[in-house]
1. For helix 267-286, report the angle its Cα long axis makes with the longest principal axis of the Cα atoms of the chain; keep it between 0 and 90° and round to the nearest 10°.
2. Which residue fluctuates most in the GNM of the chain (Cα springs below 10 Å): ALA164, ALA27, ALA294?
3. What's the local net charge at ALA368, with K and R +1, D and E -1, over the other residues with C-beta under 11 Å away?
4. By DSSP, what percent of the beta bridges with both residues in the chain are antiparallel, rounded to the nearest 5?
5. Quick one: among VAL137, VAL46, VAL33, which has the greatest mean-square fluctuation in a GNM of the chain with alpha-carbon springs under 10 angstrom?
6. How much length, in nm to one decimal, is gained on full extension between ALA368 and GLU45, taken as 0.36 nm per residue of separation minus their Cα-Cα distance?
7. VAL111: net charge of surrounding residues, Cβ under 12 Å, Lys/Arg +1, Asp/Glu -1, itself excluded?
8. ARG335 to LYS9: FRET efficiency via 1/(1 + (r/R0)^6), r the Cβ-Cβ distance, R0 35 Å, to the nearest 0.05?
Amino acid sequence: VSEPFVPPKRLLLGAGPSQVPDPILAALAQPTVGHFDPAFLELAEVVSRRIRETFRSSGEVALALPTTGSGGAAVLANNFVFPGDRVVCAVIGVFGERLAEALSRAGAEVVTVEAEWGRAVEPERLIAEIDSSTRLVAVVHGETSTGVAQPMDGLADAAHDAGALLVADCVTSLGGFPVLIDEWGVDAAFSGTQKCLNCPPGLSPFVAGQRALERLAERERTPSWYLDLGLLHGYWNPQSRSYHHTAPVNMIYALAEALRLIEEEGLEPRWARHEAAHTALRAGVEAWGMSVLAEPGEALWPLTAIVVPDGVDEAAVRRHLLEDRGIEISGGLGRLAGAIWRVGLMGANATLEVVELVLTSLSEALAAQGHGVSLDEALSQARSSEKGLDFGSRTP
Ligand SMILES: *Cc1c(COP(=O)(O)O)cnc(C)c1O
């Protein structure tokens with residue numbers, strides 16, 4: 001006789017999915033209604049507004065793509081790349097490589113501008129590659145494989161002066177790090193639900209503005225019917241509401257609740273909470289003589305990449321955390337496999353309490369390998385770190 005699946009108890013502190021708080025799980029478990037039910041369409045309008053606000057965008061398009069984060073890149077490629085287009089793409093880690101690959105598969109001639117993994121690309125270096133034949137400039141704003149945030153200064157002016165669009169992957173930054181779509185002049189951007197929004201994986205919040213829509217209007221039809229932004233927007237646009245796909249109703253309940261919690265907390269306090277958590281974790285591991293891959297000024301607060309000290313078995317430490325404490329953290333991706341741990345303090349888990357738990361369990365796992373470290377020293381550095389008082393009164 002088969003039994004229903006019961007997941008193990010875990011604390012998700014890796015690169016995603018992040019922990020899903022109870023109110024969001026409860027929203028997910030509400031009865032499914034039709035995706036044209038008037039009550040659901042009313043909720044979709046609220047979700048659309050909240051997506052716009054969370055991205056700090058005033059663009060016409062604000063919707064939840066029925067795909068994971070990577071689907072956002074596929075939508076950009078399918079709609080905004082014409083075969084032979086010259087595209088300039090920043091690559092500072094695995095997700096930059098994937099974005100370049102998605103654009104290239106759509107027929108773009110991709111010029112990559114790379115930086116050493118662990119650093120951002122200086123905007124001037126990207127700007128220098130933009131010429132009058134460039135049609136698109138693409139960046140990963142929060143590079144989850146290295147824990148680095150890409151500065152956006154000057155990119156929009158350079159792209160727009162050349163007649164190019166500026167697009168961004170904000171999968172890990174949205175809801176945990178300042179994402180300022182209007183202020184940066186970004187024409188289209190996407191995220192994912194399972195990072196700082198604390199939903200299960202499965203949707204990609206997406207925004208696009210006027211310039212992007214004008215580019216879309218230049219083409220007869222896009223290669224993929226399913227990823228056609230015009231058709232996707234046709235469902236989300238209250239003026240048309242035409243059937244394209246069956247909206248993932250329960251996931252949209254969950255996203256609505258996740259975005260409501262963000263609205264309740266406020267974006268600035270939420271960003272500050274992520275910064276404080278990252279800063280405290282950095283101070284703790286630095287007290288052990290260990291280092292964080294990203295420099296403080298380039299750090300993507302929701303994702304801290306810790307360099308594995310010499311002589312430590314990185315996979316054994318992760319196994320220890322999972323088996324002993326039920327804590328999941330991530331290892332390195334691509335060329336950083338085996339070299340870093342990636343600790344995600346995303347959404348509800350960006351708190352001093354969670355930082356203390358990470359330091360405590362890391363010290364235990366290191367001790368199990370004969371690599372003794374002083375927990376007291378790390379906790380005291382974490383508690384007194386520069387941003388240590390910015391956690392605010394609300395611990396979600
Ligand atoms: C997680 C992530 C993605 C991919 O999202 P999926 O939901 O796994 O498809 C893309 N870009 C970045 C920066 C990410 O962190």
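The values are calculated or read from the model by the stated rules, or taken from the named source; none is laboratory data. Note that the structure is predicted; figures quoted are calculated from it, not measured. Cβ: placed from backbone, ideal geometry, glycine included. Neighbour counts: every protein chain shown. These area figures cover heavy atoms from the full protein model, side chains too; ligands, DNA and RNA do not enter into them. Shrake-Rupley method; radii C 1.70, N 1.55, O 1.52, S 1.80 Å.
1. Long axis of 267-286 versus the principal axis of the chain: about 40 degrees.
2. Highest fluctuation among the options: ALA27.
3. Net local charge, ALA368 excluded: -3.
4. 50 percent
5. Ranking VAL137, VAL46, VAL33 by mean-square fluctuation puts VAL33 first.
6. Stretched fully, the ALA368-GLU45 segment lengthens by 111.1 nm.
7. With Lys, Arg at +1 and Asp, Glu at -1, the net is -2.
8. My answer for the efficiency is 0.55.
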